[in-house]
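Just so it is clear, none of the values below were taken in a lab; they were calculated from the coordinates. Remember, it's a predicted structure, so these values are computed and weren't measured experimentally. Every residue, glycine among them, receives a Cβ derived from its backbone with ideal geometry; neighbour counts consider all protein chains shown.
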Amino acid sequence: MKLRPYLLGSIVAFAVVASGHSATASEILVDLAGNLVDPLAISNENAVVLVFTAVDCPISNRYIPAINRLFKEYASKNTSFWMVYPGSYFDTKEVESHLEEYRIKAPAIIDRSGYLVKKTGATVTPEVAVYPAGIGQPEDGNWIYRGRIDDRYTDFGKWRANPTREDLKEVLQSLVDGQTPERRETRSIGCYIAE
């Protein structure tokens, strides 16, 4: 019998709580195939990028070509990307269809418990959180960048055809070049993540 990913995650989370120690990301997050994952545990990467997205957010969907380009460019430079679908209302098949429709190659997880949302402070989709290599768990607070992908959207309903600043790309390039960019945060415009 194959357990649904969200059921497996719930069973593991319950077992962890019952055993008396706090749950970590690797104990409560599962990928779309139901495998336990810890997106921040990869230590040989320059960076790990969490891209908070939603199947039904038009702003998120407009950014997918940019995310696909960044994934293609930086995955070959030891950078991990994870598409994070926040909320318990996303169905695995719905997310799989979204990945296929938009030709998204980055691996995806559904953050059913809101663990990554809470620990990163993400509030909208699309929003990204970038962690440098070897950072451990998100509760360590070691993200180097959190915010928008670029400045294409200036406010709700106001956007330009081309960005004047590509924030995510700047941060990733700095990390790939061996620099440590200053920790910073920008305001993301998008669809609010339901609690």
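Relative protection proxy for 164-171, 95-102, from highest mean packing down: 164-171, 95-102 (other beta-carbon atoms within 10 angstrom). Between E170 and K105, the modelled labels are 2.7 nm apart [label points 7 Å from Cα along Cα→Cβ].
Size of segment 60-195 from its Cα atoms: along the principal axes, largest to smallest, the extents are 39, 37, 28 Å. Residue ranges 63-72, 47-56, 149-158 sort as 47-56, 63-72, 149-158 when ordered by packing (mean number of other C-beta atoms within 10 Å per residue, highest first).
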